[in-house]
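I have placed the structure first, in the form of structure tokens, so that the comments after it can refer back to it.
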Amino acid sequence: MELFFLALLIFLMIAALTSGFPVAFALPGSAILAIGVAAFCGLLFEGNPDAYFAQGSAVQWLSAGVTNFRSLYWDVERDTLIAIPLFIFMGIMLQRSNIAEDLLVAMAQLFGPMPGGLGISVVLVGALLAATTGIVGATVIAMGLISLPPMLRNNYSKPLAAGTICASGTLGQIIPPSIVLILLADQLSNATDQASTARKAEFKEATGEFSMPSIFDITSASAGDMFMGAFLPGLVLVAIYVMYIFGRALIRPQDAPPVPYDGEYDRKFAMRIVLVLVPPLTLIFVVLGSIILGVATVNQAGSIGAIGAMVMGGYRLAKGKPHCFTPAILSVASIVALVVILSFYDINVKKIQTTDDVIGVTLACIAVAVLLYAIGWSALRAYKIDNTLVEVMIDTAKITSMVFIILIGAAMLTSAFRGFGGEEFVKHYLTSLPGGFWTQFIVVMFVIFLLGFFLDFIEIAVVVVPIVAPILLADPEANITAVWLGVMLGLNMQTSFLTPPFGFALFYLRGVAPPELKTLEIYRGAAAFIVLQLVGLVVVANWAPLVNYLPYRISLTSETAPPPVNPRLQLCLEEHKFAYYDENQNVLVAAMDEFSSTNMSYLPQDLQDRFDESLDKARATFDRVDDVRGATSELDAYIVDYKPLHRVIRSVRRQVVGVDREIDDLNDDLNGLGDNEVDKRASIESDLAEKEAEKASLLAQIAGDVDEKQQRYRELYKAQQKSKSQYRRNADEAYEIIIETRAVLDATDSLIEFESRFDDVAAAIQLDDNEQAMDDIKATESELGLVAGASKIKSKISKARRALKGDSPDRDKAMGLLVEAQELYAEEVRWRTRAQSEFLPALEQYNEVVKSSIGLRLQKRLTKDQAHEVASCQANHRDISLNF
């Protein structure tokens, strides 16, 4: 019966949406009605209002609306959604201030004379507007009003002109900053948690181990990651559009003829182009660049974009009036001044101590005051001229409210869907499909593409994604990243703006197009670009680095980059280092030989022994690498025959889980029957027998020596991991002494400065007040503890302090220990001073050779070149299903 009410839920939703009922109320309304009907029927026929729910109760699912309202607005960890109104404000402000019109005119004049130039200019402007606005309706309407008349006037093919404008206007959904990317990031953060839990459960079931290695876990996707992941695919889509228009103009010149520019390409023209293009491009760089460089979060970048758009809108609205550019100039000047001030002064109001600090804070306050004055001036202009600011804020509030209300309604609909067992039904259906992950993925993408004919991207993002994303992310076969899945879903949902009958971009263009452009011609033009979007989808699906590279690269080069010892980096690091060993083994060996000839006779004996051991381990690195390669080759050879069998095992296991669930349901039904329901009991028992037989048949498919083959794979895998562990431990131990010795020698000057403190300790020992004496000595110990390699000296002083404990302090013993500490100190200073001049240069030379290979794991961070190679490696998806 649960499936009946699930079908009722879907029917109610479709009926409400197709009837024109507002989406914000259609989604929660469908959920409330379906839950209410199910509860009433359960009470009427079963005497239990919760009887027809797969899990939970009617009250639980009805309260989901309140729960999700709280999670949307009061959960501080979901602050990503704050960026939505900021980017909406930025887009509407730029559109209302006619900056989009200036861009279109300038680009048309610049590219018009080339074949298809006017259409190409529309695509390029669409990309620029996408990176500054992200508002599809505003972009399509603006380009429809400005570009469509000249395109038709210059004999452009009507379908091509319409399709170009509609498709270019939708670029704002995939080129960051984009509202759909923010929504997807928010939805995928929850989906990632669910997928991680499911993957851990599958790992435990398959291996019997309670904890899954972190390298097999799924990483969540932030809005910033989504922005960076979508950047290159967005450019790919732009390139596909441009190539299509240019190619069509070459093959059929009558469809997209050149449009000559009547004016002169002189300095005045160049200055006008620069003035039109530079501000939007600067805003794009500031907004996206601040995210890429880690300077600002997505919310902070949205604030920057909103203020920047208001400043740009202020001078555009006041075009031709006195001082129209003054606020913008003051804004730029004050920001430049702040950058310069920060380069000379450490601005911290809480730590003002010197005159320089006061000067720095004062100058910064002046610059900030000028910036605020310029922003206020721009805001006042936008407020006074055509009431622009008020209208922009009202539109921003409307769109933001719509998005958030849909989020709440969709969350309630999703809860009802889960309450009727829909999520388990979808999961069972997808995981039972032959062909593994890629079959599941293609089916999901096809369904989303079809839904795009009827639903907006917001409904798809908040209704469908939470259901299918955990299933796709949990599958270890492709081991996709959340960013890649989000971008693929975003590219697919972008087609929803072009697919008839409910493609919003088509409606927007129809509303501003002249009567001679028929609706059918708009549909025909959009069809070609739908195909191009699907081509882009296939390109990105087959080349994952287009999405994954930038997020990984930015993560590995940021200030908060994980250190090279991070377990997730080891596979790619070792690919990089092993290739380096192959090319530079002779150089490394020569460096080891040269360093081993360095005079170490004056170093402490334990240090000499450790360097000898370190060099032995460094020379053994290449043997450890050979061991890893040998174990990996043996494992790879076994995998060739084992992998098809493992796929069958996983497929059968998934089917058995589904059958077990059905058996449990039948047993529950059987236990709930009364003594007089004989016929119904017999029917259920018959179904149970069939399911038990089906389960036995499934298990028979993996009978025989399957356990032995699985055990053999695990043995080979463990042998490979053991060889890798031995290599890593050997390399770390070979390099650790270099780090420690450099720290010790760098602390020599600090140790020398400590000499006078021995007199303080001696004076403390002679004090009559033992408590005071021990406190003074303990303070000296703490200072000495900060000096690298001084632990033996500190130990003697600590023993001297302890000799003063109790009622009978032994001052003679304390003084004797102090003398021993002074002797150790003298010897320590002697060898360190000599090593600084004689040993340290050789150590630094050796370190320069080995730090990027043998010692790479123990560095604080990767270099830019190393980060590039590791990011390129990590950007490819790897099948880890053999471990599940």
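The values are calculated or read from the model by the stated rules, or taken from the named source; none is laboratory data. Every value quoted in this text rests on a predicted model; they were computed, and no experiment measured them. Note that we place each Cβ from the backbone using ideal geometry, even for glycine, and neighbour counts take in every protein chain shown. Please note that ligands, DNA and RNA were not included when accessible areas were found on the heavy atoms of the full protein model with its side chains. Shrake-Rupley method; radii C 1.70, N 1.55, O 1.52, S 1.80 Å.
For the reader, a short list of remarks on this structure follows.
- Highest mean first, the peptides 208-217, 553-562, 475-484 sorted by other C-beta atoms within 10 Å per residue fall in the order 475-484, 553-562, 208-217.
- Signed unit charges on C-beta, dipole axis of the chain, positive-most listed residue 107, 149, 700: 149
- Interatomic Cα distance distribution for segment 348-499, bins of 10 angstrom, percent: 9, 23, 21, 13, 15, 14, 4, 0
- Unit charges on C-beta of K, R, D, E only; dipole of the chain, Debye: 3480
- Label sites at residue 336 and residue 786, each approximated as a point 7 angstrom past Cα along Cα to Cβ, lie 4.2 nm apart.
- Across segment 670-712, Cα-Cα pairs farther apart than 13 Å form 65% of the total.
- Computed on segment 583-715, the Cα convex hull volume stands at 183 Å³ per residue.
- Kirkwood analysis of segment 579-628, using all unique Cα-Cα pairs, places the hydrodynamic radius at 12.0 Å.
- Calculated mean residue ellipticity at 222 nm for the chain: -25000 deg cm²/dmol, from DSSP H runs with n ≥ 4 weighted as -39500 (n - 2.57), summed, divided by the residue count and rounded to 500.
- Using distinct alpha-carbon pairs, which all enter the 1/r mean, Kirkwood radius of segment 614-663 in Å: 14.1
- Put simply, the C-alpha atoms of the chain give a gyration tensor, and the ellipsoid matching it has half-axes of 57, 44, 30 Å, longest first.
- Hull shadow area, averaged, segment 723-867 [alpha-carbon convex hull, nm²]: 11.5
- Only lysines eight or more places from residue 805 in sequence, or on another chain, were considered; those with a Cα closer than 28 Å are 778, 792, 794, 796, 813.
- Solvent-accessible heavy-atom area per residue, rounded to whole Å², over the chain at 1.4 Å: 46
- For segment 693-702, 3J(HN,Hα) per residue [Karplus equation, 6.51 cos²θ - 1.76 cosθ + 1.60, θ = phi - 60°, Hz, x = Gly/Pro]: 5, 4, 5, 4, 5, 5, 5, 5, 5, 10
- Extension gain, residue 153 back to residue 757 (0.36 nm per residue minus Cα-Cα distance, nm): 208.4 nm
- For the peptides 107-113, 183-189, 676-682, 147-153, the ranking by mean Cβ contacts within 10 Å, running from highest to lowest, is 183-189, 107-113, 147-153, 676-682.
- Distance histogram for segment 319-402 (every C-alpha pair counted, 10 angstrom bins, percent rounded to whole numbers): 17, 31, 24, 20, 8, 0
- Distance from the C-alpha centroid of segment 719-771 to that of segment 775-826: 16 Å, rounded to the whole angstrom.
- Accessible surface of the chain [probe 1.4 Å, protein heavy atoms]: carbon and sulfur percent: 60
- Cα centroids of segment 206-262 and segment 622-689: 38 Å apart.
- Sparse-neighbourhood loop sites, trypsin sites (Lys or Arg not before Pro) in segment 313-402 - DSSP loop, at most 15 other Cβ within 10 angstrom: 319
- Considering only alpha-carbon pairs that sit under 8 angstrom and 6 or more positions apart, the relative contact order computed for the chain is 16 percent.
- Cα-based Rg of segment 108-255 normalised by 2.2 N^0.38 Å, two decimals: 1.46
- Ellipsoid semi-axes for segment 467-569, based on the Cα gyration tensor and the rule √(5λ), read 39, 15, 12 Å when sorted largest first.
- The relative contact order of segment 258-401, computed from alpha carbon pairs under 8 Å that lie at least 6 residues apart in sequence, is 22 percent.
- For segment 144-201, alpha-carbon Rg over 2.2 N^0.38 Å: 1.94
- For residue 421, residues with placed amide H under 5 Å, excluding near neighbours: 54, 55
- Dividing the convex hull volume of the alpha carbon atoms of segment 712-793 by its residue count gives 113 Å³ per residue.
- Ordering of 321-327, 625-631, 453-459 by burial proxy (mean other Cβ atoms within 10 Å per residue, highest first): 453-459, 625-631, 321-327
- Along segment 29-43 the Karplus relation, 6.51 cos²θ - 1.76 cosθ + 1.60 evaluated at θ = phi - 60°, assigns HN-Hα couplings of x, 4, 5, 5, 5, 5, 5, x, 5, 5, 5, 5, 5, x, 5 Hz to successive residues, with x for each Gly and Pro.
- Solvent-free Debye calculation, one equal scatterer per alpha-carbon of segment 273-358: log10 I(q)/I(0) at 0.12, 0.15, 0.20 Å⁻¹ equals -0.50, -0.72, -1.03.
- Shape analysis of segment 796-872 places it in the oblate category; the axes a ≥ b ≥ c from the Cα gyration tensor give an a/c of at least 1.5, with a/b not above b/c.
- Charging the Cβ of each Asp and Glu at -1 and of each Lys and Arg at +1, and nothing else, the dipole of segment 252-309 about its Cα centre rounds to 120 debye.
- Residues with amide H under 5 Å from that of residue 157, placed H, sequence gap 5 or more: 256
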